[in-house]
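Since the structure comes first, as structure tokens, the remarks are kept for the end.
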């Protein structure tokens, strides 16, 4: 049963200022979510080679395939469940799935246990990140949606960057397993406590917005299959958003799984790899503070199409340029391009989808987007084994460029002020 109908209560208001306390709490919770993913971003591919003796890139990337497929499915379930039963219970459930992950990383006797840990991490990320997005969209209303998504994604990816750097830097002294396990345990416990005791349900805010929504034609209670079809294909704006999200995470999956091995093969130390691996999400996270709000002023389409092209240039630069400083510049450019795209895609979903089925549409989008992790891992791993890591990186860059062109051609502007 859905939560009690309280949308008409006078204490329910839309707006960032009116809901600042809960909004900032959700920003903090999403930082814990990002930190959970960050602790293994640099160390896991290197752990696979050094501790488990794995040589095949495709086999190493099995943890990313597990993570991506499960997270994609969890996003889909979380979005629909948020529409049907509310937001908070899904958020808390996600943290319960995340609690065993640090223990499994620390004590896994075989690589299969690491793959299973990433199965659980995928559920944690899908449930918790999707829910914090949906709740922030609920709270702020229409006018500040881009800013809200920028703050949400900035918190998650800044935390991911810091956790990635810390886990890699501390691995030399604490151990390549213990460092990520200790950090991950702290994030999981803190996120669960905040979600249980401090976060409040926001479903009523979505119902309040729906009461004042002018698009009456789409205010029907759509079936899930119809929402899936609209989001994935029949609405061309939403379809453009979904394909861009998939390719964005395809190249992020390549960066997660392949780039640490690429840099290690070129003689960089673990602290140097950690610095490069954390620089890209750090720029990505910080820049979203501006790009999300910018999309509320100039619209969504130009940032989405342009951001994909910038990412493509940055990815190809990683193999054209050589040396720590030039790779760092390419990582900065990749972070900027991703920041142009990431919060803007979510804001565009909020622009198009009716509040009554918006959470489900976010879930469908995030299904496609996070499937990119699995697709990217399989593609990059297969090409790297057959043709080498350089060919794999260039192939992903080419796909990213094509995605930007597709968005430019088929997408219309979704944001209209007023």
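Order by neighbour count: 227, 176, fewest other Cβ atoms within 10 Å first, most last. Spell out each step's value before the answer.
Values: 227 23, 176 20.
The most exposed by this proxy come first: 176, 227.
Taking all pairs of different Cα atoms in the chain, averaging 1/r and flipping that mean, what Kirkwood radius in angstroms comes out?
After inverting the mean inverse Cα-Cα distance, the result is 21.0 Å.
Roughly what angle does helix 301-320 make with the longest principal axis of the chain, taking Cα atoms, 0 to 90 degrees, to the nearest 10?
On a 0 to 90 degree scale, this one is about 0.
Expressed as a rounded percentage, what relative contact order does the range 249-364 have, with Cα pairs under 8 Å and six or more residues apart?
Values: 103 pairs, mean separation 35.8, N = 116.
It rounds to 31 percent for the range 249-364.
In degrees from 0 to 90, rounded to the nearest 10, what is the angle of the helix 20-38 Cα long axis to the longest principal axis of the chain?
It is inclined by approximately 30 degrees.
Hey, what angle do you get for helix 389-410 against the long axis of the chain, alpha-carbon based, 0 to 90 degrees rounded to 10?
Approximately 20 degrees, to the nearest ten.
Given springs between every Cα pair under 10 Å in a Gaussian network model of the chain, which of 288, 311, 22 has the largest fluctuation?
Maximum fluctuation in the GNM of the chain, among the listed residues, is at 22.
Provide 375, 309, 247 in ascending order of the number of other Cβ atoms located within 10 Å of each residue's Cβ, fewest first. Could the numbers behind the result be given before it?
Working: 375 21, 309 18, 247 28.
Final ranking by Cβ density, sparse to dense: 309, 375, 247.
Would you calculate the separation in nanometres between label points at residue 178 and residue 49, each defined as 7 Å from the Cα along the Cα-to-beta-carbon direction?
My value for the distance between the label points is 2.4 nm.
For the range 282-373, what is the largest minus smallest coordinate of the Cα atoms on each principal axis, given in angstrom and ordered from greatest to least?
Extents along the principal axes, in whole Å: 51, 30, 20.
Over the range 90-249, calculate the relative contact order: mean separation of alpha carbon pairs under 8 Å at least 6 apart, over the residue count, as a percent.
Details: 112 pairs, mean separation 40.8, N = 160.
Relative contact order comes out at 25 percent.
Restricted to Cα positions, what overall size does the range 220-321 have along the principal axes? Three whole-Å values, descending.
58, 31, 23
If each residue's Cβ is checked for other Cβ atoms within 10 Å, how do 209, 49 rank with the fewest at the top?
49, 209
If the elastic network links every pair of Cα atoms under 10 Å, which of 385, 138, 11 fluctuates the most in the Gaussian network model of the chain?
Greatest mean-square fluctuation among the candidates belongs to 11.
Using the alpha carbon gyration tensor of the range 313-418, what are the three equivalent-ellipsoid semi-axes (square root of 5 times each eigenvalue), largest first, in whole Å? Intermediate results must be reported in sequence, preceding the final value.
Values: eigenvalues 192, 60, 28 Å².
Working through the eigenvalues yields semi-axes of 31, 17, 12 Å.
Picking from 245, 185, 122, which is most flexible by a Gaussian network model of the chain using Cα springs under 10 Å?
185
When only Cα pairs under 8 Å and 6 or more residues apart are kept, what is the percent relative contact order across the chain?
Computed value for the chain: 28 percent relative contact order.
All of the numbers you see were taken from the coordinates with simple rules; none came from a lab. From a predicted model like this one, the values you see are computed outputs, not experimental measurements. Using ideal geometry, Cβ is built from the backbone for each residue, glycine included, and neighbour counts are taken over all protein chains shown.
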